[in-house]
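Following: one structure in structure tokens, then a few remarks.
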Amino acid sequence: MAAGQRARMMEETRAKLLRAARKAFAEKGFAEASMDELTAAAGLTRGALYHNFGDKKGLLRAVIEQLDAEMVEKARETGRRAATPWAGFLEECVAYIELALEPEIQRIMLLDGPAVLGDPSRWPGQTACLRTTTETIQALIDAGTLRPVDAEAAARLVNGAALDAALWVAAADEPRAVLPKAIEAFRCLVSGLLKEGG
């Protein structure tokens, strides 16, 4: 078998497992999702799961990376439509919090993910997000929009507030009632970084 064909087959296997896992994790939750049912739904064996992801936890990690990338893109798209870089940054953060209402994100990313994989602020996607937020904040400082604070410190606090707000919304008995409160408080907190007249 040619190397290119083998690589395509491996990628197809990964994609099938990810699709089946997303569906199972969203519908049943991580703990209740059976590896046998999941691999059968993908038309594959447990061996394929082990080979590609190591174990069920590794599969969850891969699903979360996929969801995280989608969340970042949705949030960025919202930010791109804003009139100014500051408004874009703020709207991107708020869009991230609002995504906590999506059932798949709520269950997999914000409820099961932290329970199984630990502190989300240490996940690879959050590390990349921190770098981007730091760069954005530094650009806003350089433009005179934000106060001259340490950009990484501000980014860590902004990201932490957005993540905690999303976790709060996801875990709430009535997420739709909690969301506006979380967003209002988040906007007030982050607006404290604005330079007077900025």
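Condition test on Leu44, is it modelled with pLDDT of 90 or more, of a type in the set (A, V, I, L, M, F, W, C) and surrounded by 14 or more Cβ atoms within 10 Å (Cβ to Cβ)? Step through it out loud before you land on a result.
Details: modelled with pLDDT of 90 or more: no; of a type in the set (A, V, I, L, M, F, W, C): yes; surrounded by 14 or more Cβ atoms within 10 Å (Cβ to Cβ): yes.
When the stated conditions are applied, Leu44 does not pass them.
Going by what's in this entry, would Phe53 be described as farther than 18 Å from Arg107 by Cα and aromatic (Phe, Trp, Tyr)?
Details: farther than 18 Å from Arg107 by Cα: yes; aromatic (Phe, Trp, Tyr): yes.
It is true that Phe53 is farther than 18 Å from Arg107 by Cα and aromatic (Phe, Trp, Tyr).
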Checklist outcome for this item: Sole miss for Ala139 among (1) assigned to a helix (DSSP H, G or I); (2) at pLDDT below 90; (3) not β-branched (Val, Ile, Thr) is condition (2)
Checklist outcome for this item: Selection from the range 86-109 of residues surrounded by fewer than 19 Cβ atoms within 10 Å (Cβ to Cβ) and either aromatic (Phe, Trp, Tyr) or free of Cβ contacts under 8 Å to residues at least 12 places away in the same chain (or both) yields Ala87, Gly88, Glu102
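With respect to Thr132, determine if the residue is of a type in the set (S, T, N, Q), surrounded by 18 or more Cβ atoms within 10 Å (Cβ to Cβ), over 29 Å from Lys28 (Cα atoms) and more than 10 Å from the chain's Cα centre (by Cα).
On the way: of a type in the set (S, T, N, Q): yes; surrounded by 18 or more Cβ atoms within 10 Å (Cβ to Cβ): no; over 29 Å from Lys28 (Cα atoms): yes; more than 10 Å from the chain's Cα centre (by Cα): yes.
No: the conditions fail for Thr132.
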Checklist entry - Given Ala69, Ala83, which one is under 10 Å from the mean Cα position of the chain (by Cα), more than 19 Å from Ala24 (Cα to Cα) and either of a type in the set (Gly, Ala, Ser) or open to solvent by 30 Å² or more (accessible area, probe 1.4 Å) (or both)? => result Ala69
Checklist entry - In the range 136-150, what residues are over 17 Å from Ser191 (Cβ atoms) and either in contact (Cβ under 8 Å) with a residue 12 or more places away in the chain or among the polar types (S, T, N, Q) (or both)? => result Gln138, Ala139
Next on the checklist: Tally up the residues in the range 22-34 that are open to solvent by less than 30 Å² (accessible area, probe 1.4 Å) and free of Cβ contacts under 8 Å to residues at least 60 places away in the same chain, please.
Outcome noted: 2
Checklist entry - Hey, among Arg8, Arg19, which residue is surrounded by fewer than 14 Cβ atoms within 10 Å (Cβ to Cβ) and assigned to a helix (DSSP H, G or I)? => result Arg8
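The values are calculated or read from the model by the stated rules, or taken from the named source; none is laboratory data. All values reported here derive from a predicted model rather than from experimental measurement. As a convention, Cβ positions derive from the backbone with ideal geometry for all residues, glycine included, and neighbour counts pool all protein chains shown. SASA here: full protein model, heavy atoms, side chains in, ligands and nucleic acids out. Shrake-Rupley method; radii C 1.70, N 1.55, O 1.52, S 1.80 Å.
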